[in-house]
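Student: Below you'll find the structure I mean.
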Ligand SMILES: [Zn+2]
Ligand SMILES: [Zn+2]
């Protein structure tokens with residue numbers, strides 16, 4: 001294995017080599033050869049698990065969802081790595097499983113693969129409990145989600161089916177010991193761990209030479225799922241946008257310093273070669289959704305619950321996706337409420353038995369206002385980029 005300085009200019013591009021079946025792609029990064037293995041991770045989703053070299057073996061980045069199809073996909077991927085690319089590879093050389101975050105499509109296989117490889121498990125501190133105490137977390141979080149759904153206006157008889165569709169249930173993921181809690185800022189060989197929360201409370205991206213393993217923070221085609229902070233701390237639209245801007249800033253600094261682009265290798269979809277441009281596009285998409293939300297509220301003759309608002313914005317007849325849609329709109333409503341652009345009506349009628357929150361917008365068509373993303377970016381600049389004292 002050769003390690004090269006990102007400044008060496010040896011890697012003009014990642015020179016991808018695709019395996020015969022297309023399930024594995026080899027990338028030549030400036031810090032060494034990386035393999036991307038495609039695996040089924042949820043019924044409707046494929047993901048990428050990566051193998052990156054370290055001084056004493058290999059690091060597996062994420063672990064699939066842990067069901068039999070996902071595990072078989074990874075097993076086949078490891079065989080392809082050995083059979084088509086690197087005859088010396090074997091799974092016992094995987095010394096660490098590092099999780100970008102503890103969502104089931106990324107860490108469901110962590111018990112299986114850390115056991116089979118004899119590997120350590122590294123995860124951000126904020127998500128270590130999900131890895132080693134998943135069942136407790138699932139029970140407690142589901143109570144919180146239930147409350148969120150009731151306040152959203154979901155009829156009580158529909159709450160459990162929606163939660164079942166989401167599938168955060170005790171026993172789904174086999175718990176594993178966490179060997180090392182990360183906080184962000186640590187380095188390990190050529191790797192540097194970046195704490196970029198928003199999509200999850202302990203989301204990590206991992207810099208590695210001229211690539212960054214970006215997990216679910218930035219995807220090449222779709223907008224990343226976001227959640228309200230009241231469901232999960234350190235998530236929410238504001239944290240998510242802050243993290244996107246931090247990633248953009250890192251990518252710009254990288255290009256200035258090394259004279260080439262930093263490429264994102266995300267956990268779903270395609271590599272992203274122009275991170276700043278993709279961040280811009282995502283922020284525009286974010287603003288479009290926020291505007292659509294305010295337009296739907298403004299055009300409604302009556303204030304709307306989160307469920308009514310979500311159905312008007314997104315309803316596509318797929319109940320198994322309803323929790324995701326409610327969470328997405330819920331996170332935007334939370335931000336707009338924080339910014340003083342929405343209000344909750346009839347609060348005097350709220351009771352424990354009748355907790356449905358209804359919203360209306362506070363700004364009119366004619367009002368020209370700085371858009372919501374611009375307001376958040378102003379806060380980002382004040383927090384992180386201000387040189388003024
Ligand atoms: Zn995720
Ligand atoms: Zn994911």
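Student: Identify the residue in segment 49-97 that is in a helix (DSSP H, G or I) and free of Cβ contacts under 8 Å to residues at least 12 places away in the same chain and, among all such residues, is surrounded by the most Cβ atoms within 10 Å (Cβ to Cβ).
Tutor: So, considering only residues that are in a helix (DSSP H, G or I) and free of Cβ contacts under 8 Å to residues at least 12 places away in the same chain, the one surrounded by the most Cβ atoms within 10 Å (Cβ to Cβ) is 75.
Student: So residue 287 clears everything in (1) at pLDDT below 95; (2) crowded, with 21+ Cβ neighbours inside 10 Å except one condition, right? Which one?
Tutor: For residue 287, the failing item is (2).
Student: Then there is this: Looking only at segment 33-48, which residues are within 13 Å of ligand 2 (Cβ to nearest atom) and surrounded by 19 or more Cβ atoms within 10 Å (Cβ to Cβ)?
Tutor: Within segment 33-48, 39, 40, 41, 47, 48 meet the criteria.
Student: Got at least one residue in segment 242-251 being under 30 Å from residue 322 (Cβ atoms), in a helix (DSSP H, G or I) and touching a strand residue (DSSP E or B) at 6+ places or on another chain (Cβ under 8 Å)?
Tutor: Taking every residue of segment 242-251 in turn, at least one turns out to be under 30 Å from residue 322 (Cβ atoms), in a helix (DSSP H, G or I) and touching a strand residue (DSSP E or B) at 6+ places or on another chain (Cβ under 8 Å).
Student: Go through 104, 110, 131, 98 for me and flag whichever is within 16 Å of ligand 2 (Cβ to nearest atom), closer than 20 Å to residue 267 by Cα and out of contact with any strand residue (DSSP E or B) (no Cβ under 7 Å at 6 or more places or on another chain). Quick ask: steps written out before the conclusion?
Tutor: Values: 110 fails: out of contact with any strand residue (DSSP E or B) (no Cβ under 7 Å at 6 or more places or on another chain); 131 fails: out of contact with any strand residue (DSSP E or B) (no Cβ under 7 Å at 6 or more places or on another chain); 98 fails: out of contact with any strand residue (DSSP E or B) (no Cβ under 7 Å at 6 or more places or on another chain).
Within the list 104, 110, 131, 98, the selection yields 104.
Matching residues to (1) modelled with pLDDT under 95; (2) under 30 Å from residue 305 (Cα atoms); (3) crowded, with 19+ Cβ neighbours inside 10 Å:
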residue: 123; (1), (2), (3): no, no, yes
residue: 127; (1), (2), (3): no, no, yes
residue: 130; (1), (2), (3): no, no, yes
residue: 175; (1), (2), (3): no, no, no
residue: 184; (1), (2), (3): no, no, no
residue: 197; (1), (2), (3): no, yes, yes
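Student: What is the residue count in segment 179-197 for residues that are more than 21 Å from residue 216 (Cβ to Cβ), touching a strand residue (DSSP E or B) at 6+ places or on another chain (Cβ under 6 Å) and in a strand (DSSP E or B)?
Tutor: Of the residues in segment 179-197, 1 are more than 21 Å from residue 216 (Cβ to Cβ), touching a strand residue (DSSP E or B) at 6+ places or on another chain (Cβ under 6 Å) and in a strand (DSSP E or B).
Student: Looking only at segment 207-234, filter to residues that are more than 11 Å from ligand 1 (Cβ to nearest atom) and in a strand (DSSP E or B); which one of those is nearest to residue 140 (Cα to Cα)?
Tutor: Filtering first and then ranking leaves 214.
Student: Something else now. Identify all residues within segment 147-162 that are touching a helix residue (DSSP H, G or I) at 6+ places or on another chain (Cβ under 6 Å), in a helix (DSSP H, G or I) and either closer than 18 Å to residue 63 by Cα or in contact (Cβ under 8 Å) with a residue 24 or more places away in the chain (or both); write none if there are none.
Tutor: Selection gives 149, 152, 162.
Student: Is one or more of the residues making up segment 13-22 modelled with pLDDT of 95 or more and under 24 Å from the mean Cα position of the chain (by Cα)?
Tutor: So far as segment 13-22 goes, no, none of its residues is modelled with pLDDT of 95 or more and under 24 Å from the mean Cα position of the chain (by Cα).
Student: Here's a follow-up. Which one of these is buried (at least 20 other Cβ atoms within 10 Å of the Cβ), more than 18 Å from the chain's Cα centre (by Cα) and touching a residue at least 12 places away in the same chain (Cβ under 8 Å): 208, 188, 258, 213? First the steps, then the outcome.
Tutor: Details: 188 fails: buried (at least 20 other Cβ atoms within 10 Å of the Cβ); 258 fails: buried (at least 20 other Cβ atoms within 10 Å of the Cβ); 213 fails: more than 18 Å from the chain's Cα centre (by Cα).
Every option except 208 fails the conditions.
Student: Follow-up question, since we're still on this one. State which residue pairs qualify: first residue in the same structural domain as residue 52 (by TED's automatic domain parsing) and inside segment 13-37, second residue in a loop (DSSP other than H, G, I, E, B) and at pLDDT 95 or above in any location, beta carbons under 6 Å apart, and separation of 6 or more residues or different chains.
Tutor: The qualifying pairs are 29/209; 29/210; 30/209; 30/210; 31/190; 31/209.
Student: Checking residue 118 against (1) within 16 Å of ligand 2 (Cβ to nearest atom); (2) on the phi > 0 side of the Ramachandran plot, only one condition comes out false. Which one?
Tutor: With respect to (1) within 16 Å of ligand 2 (Cβ to nearest atom); (2) on the phi > 0 side of the Ramachandran plot, residue 118 is out only on (1).
Student: Of 106, 101, which residue is within 14 Å of ligand 1 (Cβ to nearest atom) and in a loop (DSSP other than H, G, I, E, B)?
Tutor: Checking each option against the conditions leaves just 101.
Here's the yes/no breakdown for (1) over 22 Å from residue 174 (Cα atoms); (2) under 20 Å from the mean Cα position of the chain (by Cα); (3) assigned by TED's automatic domain parsing to the domain that holds residue 35:
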position	(1), (2), (3)
53	yes, no, yes
71	no, no, yes
86	yes, no, yes
100	no, yes, yes
106	no, yes, yes
116	no, no, yes
125	no, yes, yes
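Student: Restricting to segment 349-380, count the residues that are assigned to a loop (DSSP other than H, G, I, E, B) and more than 19 Å from residue 286 (Cα to Cα).
Tutor: 13
Student: Further question: Restricting attention to segment 345-371, and to residues there that are modelled with pLDDT of 90 or more and closer than 20 Å to residue 289 by Cα, which single residue is surrounded by the fewest Cβ atoms within 10 Å (Cβ to Cβ)?
Tutor: 360
Student: Within segment 192-206, how many residues turn out to be within 12 Å of ligand 1 (Cβ to nearest atom) and under 17 Å from residue 261 (Cβ atoms)?
Tutor: Total satisfying the criteria: 0.
The values are calculated or read from the model by the stated rules, or taken from the named source; none is laboratory data. Here the structure is a predicted model, which is why all the values come from computation and not from measurement. Glycine gets a Cβ as well: all are built from the backbone with ideal geometry, and neighbour counts include every protein chain shown.
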